[in-house]
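S.K.: Let me give you the structure first, and then I'll get to my questions.
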Amino acid sequence: MPDMIGIILAAGKGTRMKSKLPKALHPICGKPITRWVIDACNTAGVTDCVVVIGHGADQVREGLGSDVRYAVQEEQLGTGHACKVALTEITATGGNVIVATGDTPLLSAEILKRLADDHVASGADATVLTTILPDAGHYGRIIRTEDGSVQAIVEARDCTPEQREVREMNSGIFCFKLDLLREYLGRIKPANAQGEYYLTDVVALMARDGRKVAAVISDDTDIVLGINHRIDLAYLTGIVRQRILERLMLDGVTIIDPSSTYPDFDVQVGPDTVIYPMTVLEKGCRIGEGCVIGPSTRMVNSGVGDGVTVLSSNIVDSTVGNGTQIGPFANIRPGCRIGKNVKIGDFVEAKNSEIGDSVSLAHLSYVGDSTVGDHANIGAGTITCNYDGRTKNRTVIGPNAFIGSNSTLVAPVEIGEGAYVAAGSVITEDVPPDALGIGRSRQTVKPGWAKRRREGAQ
Ligand code: UD1
Ligand code: CA
């Protein structure tokens, strides 16, 4: 792509979203709307990107990242005004600039390159990216003269009935000669239905002066669609999700039902993994080869090795080793490092724990703030009491230890390597390696008691 500076307009509140969150930050498959636009610009080769922010500026800056420059538009007086604010951050003269709206997340690097290449090759003063829609709805209309050259862009609400019929719409993405953009932005007036300074008016002024205004028509109608309300958000999210799913399937992942599988943009899955319906894979998930994930599983920012099975479970900010089986109905909370060939069964909750290889944690347990050695066997109903009402304490269970069912391990406490804990124990003191810890009262058996009761003797 020819050398270009980028301006991305993202200062608007997004009133039509009816949200406390600025529109720029609403996620699409785990990535904020405007970040999609920034990434497209970066991939296309835009050298220096200025993002115009305003509404919720600090939050937006934080949410979009520090690899771009920001210009703050204190009052949102329109897209033309926003561009002017961006230009105060740009000292260069000469050359070209790409202007993109920050609410068009499907924008691709390819189309940006095509726009930039065409703009430079044709020697145009301005080039607008357009597409043809069956009904251009609320988008600005591209008004052309008899000979087909672009004469103006008219907002839907400023259109005459005749102009409203035009199906070629303004994507909001432009290339301009930088110096001319600067000059013409100084000349636009807020004489329209919204009383705003419209960037689009630059086009009409240039055309009137006999400057060369060109258009690049995108055949792909989706890539120029903007998000104005939550119906748009859901629609575009569906398109992005489908693309992610197709990437995964082409990489060798079986997705039983793409319409009920929800991977975020950066999810990685190895070949021959099968993903069952109702599976949500949020940002930062990495899944190995030959796994079976789902149905009904949610994973967030977690890494899973090869040959892992996860059924009807929740895994957050954790890692899972090769060959491990999880679920159904396990809740793996942040900070777990689970080893290889582990069995974590139904109704097990784990948090901030290191669980060694080949551990069996098969049913109904809570393991929190714990270290569990390789080959330990933890019986059903085992609870680590990690919290004493003030602080969190650690439980250490040595390799090959055996914890009998329904045991309560009151932390801080350590069960040594190879030690046993008798079922039903409340363990408050360390159990040394190879010892047996019993923490329950002895059973008493009263012979004949039940019979005497039946016979009314007691
Ligand atoms: C705009 C275009 C319209 C085009 C559509 C494409 C204008 C006047 N209209 O309309 O022709 O079809 O985009 O999606 O340009 N913004 C600011 N500061 C402001 C106002 C807006 O930064 O003062 C930003 C918004 O945050 C948004 C973008 O500019 O990201 C577009 O603004 P929006 O209000 O959504 O314009 P549209 O009505 O969609
Ligand atoms: Ca818009």
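The values are calculated or read from the model by the stated rules, or taken from the named source; none is laboratory data. Note that this is a predicted model, so its numbers are computed, not measured. Note that we place each Cβ from the backbone using ideal geometry, even for glycine, and neighbour counts take in every protein chain shown.
S.K.: How many residues are closer than 17 Å to PRO271 by Cα and either part of a loop (DSSP other than H, G, I, E, B) or of a type in the set (S, T, N, Q) (or both) when one looks only at the range 305-320?
M.R.: 5
Quick grid of which residues meet (1) in a strand (DSSP E or B); (2) within 16 Å of ligand 2 (Cβ to nearest atom); (3) under 22 Å from ALA82 (Cβ atoms); (4) at pLDDT 95 or above:
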{"position": "TYR198", "(1), (2), (3), (4)": "no, yes, yes, yes"}
{"position": "ALA204", "(1), (2), (3), (4)": "no, no, yes, yes"}
{"position": "ILE227", "(1), (2), (3), (4)": "no, yes, yes, yes"}
{"position": "GLY238", "(1), (2), (3), (4)": "no, no, no, yes"}
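S.K.: From the list LEU115, LEU106, LEU133, which residue is among the aliphatic types (A, V, I, L, M) and surrounded by 24 or more Cβ atoms within 10 Å (Cβ to Cβ)?
M.R.: Values: LEU106 fails: surrounded by 24 or more Cβ atoms within 10 Å (Cβ to Cβ); LEU133 fails: surrounded by 24 or more Cβ atoms within 10 Å (Cβ to Cβ).
So the residue among LEU115, LEU106, LEU133 that is among the aliphatic types (A, V, I, L, M) and surrounded by 24 or more Cβ atoms within 10 Å (Cβ to Cβ) is LEU115.
S.K.: Still on this model: Within the range 426-456, which residues are of a type in the set (Lys, Arg) and surrounded by 10 or more Cβ atoms within 10 Å (Cβ to Cβ)?
M.R.: ARG440, ARG452, ARG453
S.K.: I would also like to ask the following. Could you name every one of the strands (runs of 3 or more DSSP E) located completely within the range 350-436 that has at least 1 residues being more than 38 Å from the chain's Cα centre (by Cα) and β-branched (Val, Ile, Thr)? Write out each step before concluding.
M.R.: Numbers: elements: 360-363, 366-368, 370-372, 383-385, 395-397, 408-410, 413-415.
Because the criterion is at least 1 residues that are more than 38 Å from the chain's Cα centre (by Cα) and β-branched (Val, Ile, Thr), the strands (runs of 3 or more DSSP E) in the range 350-436 that meet it are 408-410, 413-415.
S.K.: Looking for whichever is touching a Gly at 6+ places or on another chain (Cβ under 6 Å) and near ligand 1 (Cβ under 9 Å from one of its atoms) here; the options are LEU9, LEU77, LEU25. Which one fits?
M.R.: LEU9
S.K.: How many residues are more than 9 Å from ligand 1 (Cβ to nearest atom) and over 18 Å from VAL202 (Cβ atoms) when one looks only at the range 97-108?
M.R.: Counting residues in the range 97-108 that are more than 9 Å from ligand 1 (Cβ to nearest atom) and over 18 Å from VAL202 (Cβ atoms) gives 4.
S.K.: On to the next question. Working carefully through the options VAL274, VAL253, VAL216, VAL203, find the one that is surrounded by fewer than 16 Cβ atoms within 10 Å (Cβ to Cβ) and in contact with a strand residue (DSSP E or B) (Cβ under 8 Å, 6 or more places away or on another chain).
M.R.: Unique residue meeting the criteria: VAL274.
S.K.: What's the number of the only condition in (1) in contact with a Phe, Trp or Tyr (Cβ under 9 Å, 6 or more places away or on another chain); (2) more than 30 Å from MET278 (Cβ to Cβ); (3) modelled with pLDDT of 95 or more that ASN192 fails to meet?
M.R.: (3)
S.K.: Considering only the range 111-135, state which residues are among the charged types (D, E, K, R) and either without any contact (Cβ under 8 Å) to a residue 24 or more places away in the chain or within 16 Å of ligand 1 (Cβ to nearest atom) (or both).
M.R.: Passing the criteria: only ASP135.
S.K.: Would you confirm whether any residue within the range 88-95 is touching a helix residue (DSSP H, G or I) at 6+ places or on another chain (Cβ under 8 Å) and closer than 21 Å to ILE153 by Cβ? Even if it seems obvious, please write down each step before you answer.
M.R.: Quick first cut of the range 88-95, residues touching a helix residue (DSSP H, G or I) at 6+ places or on another chain (Cβ under 8 Å) only: 90, 92-95.
Filter again for closer than 21 Å to ILE153 by Cβ, leaving none.
Checked against the condition, which is being touching a helix residue (DSSP H, G or I) at 6+ places or on another chain (Cβ under 8 Å) and closer than 21 Å to ILE153 by Cβ, the range 88-95 yields no hits at all.
S.K.: For ARG16, state whether it is in contact with a strand residue (DSSP E or B) (Cβ under 9 Å, 6 or more places away or on another chain) and surrounded by fewer than 16 Cβ atoms within 10 Å (Cβ to Cβ).
M.R.: no
S.K.: Can you report the number of residues in the range 74-108 which are out of contact with any Ser or Thr (no Cβ under 9 Å at 6 or more places or on another chain), within 16 Å of ligand 2 (Cβ to nearest atom) and closer than 21 Å to ASP3 by Cα?
M.R.: Number of matching residues: 1.
S.K.: Name the single residue that is nearest to ASN341 (Cα to Cα) among those in the range 246-293 being in a loop (DSSP other than H, G, I, E, B) and touching a Leu at 6+ places or on another chain (Cβ under 7 Å).
M.R.: So the first thing to find is which residues in the range 246-293 are in a loop (DSSP other than H, G, I, E, B), and the list is 251-253, 256-257, 264-267, 270-273, 276-278, 282-285, 288-291.
Filter once more, so that each one left must be touching a Leu at 6+ places or on another chain (Cβ under 7 Å): 264, 267.
Numbers: ASP264: 27, VAL267: 23 Å.
Residue satisfying both the conditions and the ranking: VAL267.
S.K.: Could we say that THR34 is hydroxyl-bearing (Ser, Thr, Tyr) and either within 16 Å of ligand 2 (Cβ to nearest atom) or outside any loop (DSSP other than H, G, I, E, B) (or both) here?
M.R.: Judged against the criteria, THR34 is a match.
S.K.: Out of the residues in the range 146-170 that are of a type in the set (A, V, I, L, M, F, W, C) and either near ligand 1 (Cβ under 8 Å from one of its atoms) or in contact with a helix residue (DSSP H, G or I) (Cβ under 8 Å, 6 or more places away or on another chain) (or both), state the one that is farthest from ASP103 (Cα to Cα).
M.R.: VAL150
S.K.: Can you find a residue that is outside any strand (DSSP E or B), touching a Lys or Arg at 6+ places or on another chain (Cβ under 7 Å) and within 16 Å of ligand 1 (Cβ to nearest atom) anywhere in the range 171-181?
M.R.: no
S.K.: So, one more: In the range 277-291, what residues are more than 19 Å from PRO328 (Cβ to Cβ) and surrounded by fewer than 19 Cβ atoms within 10 Å (Cβ to Cβ)?
M.R.: Those that are more than 19 Å from PRO328 (Cβ to Cβ) and surrounded by fewer than 19 Cβ atoms within 10 Å (Cβ to Cβ): LYS283, GLY284, ARG286, GLU289, GLY290.
S.K.: Being crowded, with 23+ Cβ neighbours inside 10 Å, under 19 Å from ILE7 (Cβ atoms) and at pLDDT 95 or above, is that true of even one residue in the range 143-153? Break it down stepwise before answering.
M.R.: Here is the first cut: in the range 143-153, the residues crowded, with 23+ Cβ neighbours inside 10 Å are 150, 153.
Filter again for under 19 Å from ILE7 (Cβ atoms), leaving 153.
Cutting the leftovers down to at pLDDT 95 or above gives us 153.
Yes - at least one qualifying residue is present in the range 143-153.
S.K.: Output yes when any residue across the range 338-348 is in contact with a Leu (Cβ under 6 Å, 6 or more places away or on another chain) and of a type outside the set (A, V, I, L, M), and no when none is.
M.R.: So far as the range 338-348 goes, yes, one or more of its residues are in contact with a Leu (Cβ under 6 Å, 6 or more places away or on another chain) and of a type outside the set (A, V, I, L, M).
S.K.: Report the residue count in the range 80-96 for those that are out of contact with any His (no Cβ under 9 Å at 6 or more places or on another chain), under 24 Å from ALA11 (Cα atoms) and more than 15 Å from ligand 1 (Cβ to nearest atom).
M.R.: Residues in the range 80-96 being out of contact with any His (no Cβ under 9 Å at 6 or more places or on another chain), under 24 Å from ALA11 (Cα atoms) and more than 15 Å from ligand 1 (Cβ to nearest atom): 3 in total.
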